[in-house]
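Undergrad: Quick one: this structure, given as structure tokens, is what I'll be asking you about.
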Amino acid sequence: MESRLALPGRRTLRVAVGTALCLAISFALDLSIPVIAPVFAVFLLATQNRPLSFKAGAAFALVVALTTGSGLLLVPLLRHYAFAGVMIVGLLLFLAFRYGLRGGNNLVATFLVAGLTMISAAGTADFQFGVTVVGALVKGLLLAILIIVLTHQMFPEPASARPQPAARIMPDKEATYIALRAALVVMPAYLLAMTDPATYMPIIMKSVSLGRQSCTTTARGAARELIGSTLLGGVLAIAFWFALRLFVHLGMFFLWMLLFGLLVGRKLYGISPTRYPPGFWLNSLVTMIILLGQSVQDSVAGKDVYSAFAVRMGLFLAVTLYACFTLILFDRRRTARDI
């Protein structure tokens, strides 16, 4: 396999197998938020070409636990001084995005944004629910790291492969501008989730993905990339759901996820070239996982899956349209100021 399988093929297999394993194991273990592990796996596998060592993985999980757990410290402030608490959350989101853009670890920045929003919103409604979300984030990350190590053993990076280039460090002024824009993309979904965290938790996850994507998307391509990837993710989730209904079994859940992961991975790594950038396909896959996971949970809980999906998809499109509007508005103001 080392000599015959091309590099893009190995990376596609890693993403597909790793995501499918994380999804199947999360549902088999009945984790409280089962989509967290596969979403983390997609981000980690798509952005890291080398596996984390056990020491580095444990340290990374500890950092994420501490940074995301810090969201619980904001709960008393949000309960008693809501306006000041929301302003502080907005400031912390800005600092987290700016940290990643200025050369910091982008994954830590992403998990910090997710933790600040998900945990503080959940804890404001119910402190114990916030603690549960912290546990879900850490368990999901640990599972993702273990699966990533396994998939790198199965499909290793060849010794001749070029090392991953270092992330570009943006100038201070540009990083500040983009970080502010990304924070404003996330905030409306966060405010909505505070009204009912259990229902709107997927919206936060989607907005975090949009905020991350907005850091690399120009206003000119915002509509095509953000809205297009969200719609494609919804279409993939619908196709996956009806395919799964043919034979409802955990093994088929794994196999269908493997197939869809391979289809998207071929686009992500250029095996089947398209005019869309890798971020488009990454966001499509993440959107599909979030929508699909919630639909499966709705089905288990006995809810109306189709009406819940329609509402959730409508909210996903709403936050995506808002993200596009924010990007275009900021770009116009910046252009007008530079003239």
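Undergrad: Any residue that is touching a Pro at 6+ places or on another chain (Cβ under 9 Å), among the charged types (D, E, K, R) and closer than 30 Å to Ala193 by Cα - is there at least one of those in segment 303-314?
TA: Checked segment 303-314: at least one residue is touching a Pro at 6+ places or on another chain (Cβ under 9 Å), among the charged types (D, E, K, R) and closer than 30 Å to Ala193 by Cα.
Undergrad: Taking segment 307-326 as the search range and keeping residues that are at pLDDT below 90 and among the hydroxyl-bearing types (Ser, Thr, Tyr), which one is farthest from Gly233 (Cα to Cα)?
TA: The selected residue is Thr326.
Undergrad: May I pose another question? What is the residue count in segment 76-106 for residues that are within 23 Å of the chain's Cα centre (by Cα) and not in a helix (DSSP H, G or I)?
TA: Matching residues across segment 76-106 total 4.
Undergrad: Same structure, new question: I need every pair where a residue in segment 69-80 that is touching a residue at least 24 places away in the same chain (Cβ under 8 Å) has its Cβ under 8 Å from the Cβ of a residue that is among the hydroxyl-bearing types (Ser, Thr, Tyr) and surrounded by fewer than 18 Cβ atoms within 10 Å (Cβ to Cβ), sequence separation at least 6 or different chains.
TA: Going by the 8 Å Cβ cut-off, there are no qualifying pairs.
Undergrad: Follow-up question, since we're still on this one. Based on this model, can you work out whether Phe242 counts as over 23 Å from the mean Cα position of the chain (by Cα) and of a type in the set (Phe, Trp, Tyr)?
TA: Here the answer is yes, as Phe242 does meet what is asked.
Undergrad: Being out of contact with any helix residue (DSSP H, G or I) (no Cβ under 8 Å at 6 or more places or on another chain) and at positive phi is the requirement here; does Gly302 meet it?
TA: In short, yes.
Undergrad: Hey, any hits in segment 284-300 for a residue that's over 25 Å from Phe330 (Cβ atoms), over 18 Å from the mean Cα position of the chain (by Cα) and aliphatic (A, V, I, L, M)?
TA: yes
Undergrad: Something else about it: Under the condition of being among the aromatic types (Phe, Trp, Tyr) and within 21 Å of the chain's Cα centre (by Cα), which residue from segment 301-316 is surrounded by the most Cβ atoms within 10 Å (Cβ to Cβ)?
TA: Phe316
Undergrad: Considering only segment 120-129, I want to know if a residue exists there that is modelled with pLDDT under 85, in contact with a Ser or Thr (Cβ under 9 Å, 6 or more places away or on another chain) and more than 21 Å from Tyr200 (Cα to Cα).
TA: no
Undergrad: Next question, about the same structure. Please go through segment 272-308 and pick out each residue that is among the β-branched types (Val, Ile, Thr) and out of contact with any Asp or Glu (no Cβ under 9 Å at 6 or more places or on another chain).
TA: Answer for segment 272-308, where residues must be among the β-branched types (Val, Ile, Thr) and out of contact with any Asp or Glu (no Cβ under 9 Å at 6 or more places or on another chain): Thr274, Val286, Thr287, Ile289, Ile290, Val296, Val300.
Undergrad: Search segment 290-317 for residues that are free of Cβ contacts under 8 Å to residues at least 24 places away in the same chain and pair each with any residue that is of a type in the set (A, V, I, L, M) and part of a helix (DSSP H, G or I) when their beta-carbon atoms are under 6 Å apart and the residues are at least 6 apart or on different chains.
TA: Once the first residue is free of Cβ contacts under 8 Å to residues at least 24 places away in the same chain and sits in segment 290-317, its partners that are of a type in the set (A, V, I, L, M) and part of a helix (DSSP H, G or I) give Asp298/Val305; Asp298/Ala308; Ser299/Val305.
Undergrad: Listed residues Leu13, Leu66; which is of a type outside the set (Val, Ile, Thr), assigned to a helix (DSSP H, G or I) and either touching a Cys at 6+ places or on another chain (Cβ under 8 Å) or surrounded by fewer than 16 Cβ atoms within 10 Å (Cβ to Cβ) (or both)?
TA: Checking each option against the conditions leaves just Leu66.
Undergrad: For Leu137, work out the one condition from (1) surrounded by fewer than 24 Cβ atoms within 10 Å (Cβ to Cβ); (2) more than 26 Å from Tyr322 (Cα to Cα) it doesn't fulfil.
TA: (1)
The values are calculated or read from the model by the stated rules, or taken from the named source; none is laboratory data. Just so we're clear, the structure is a prediction, and the values are computed from it rather than from any experiment. No Cβ is skipped: glycine too gets one built from the backbone with ideal geometry, and neighbour counts run over all protein chains shown.
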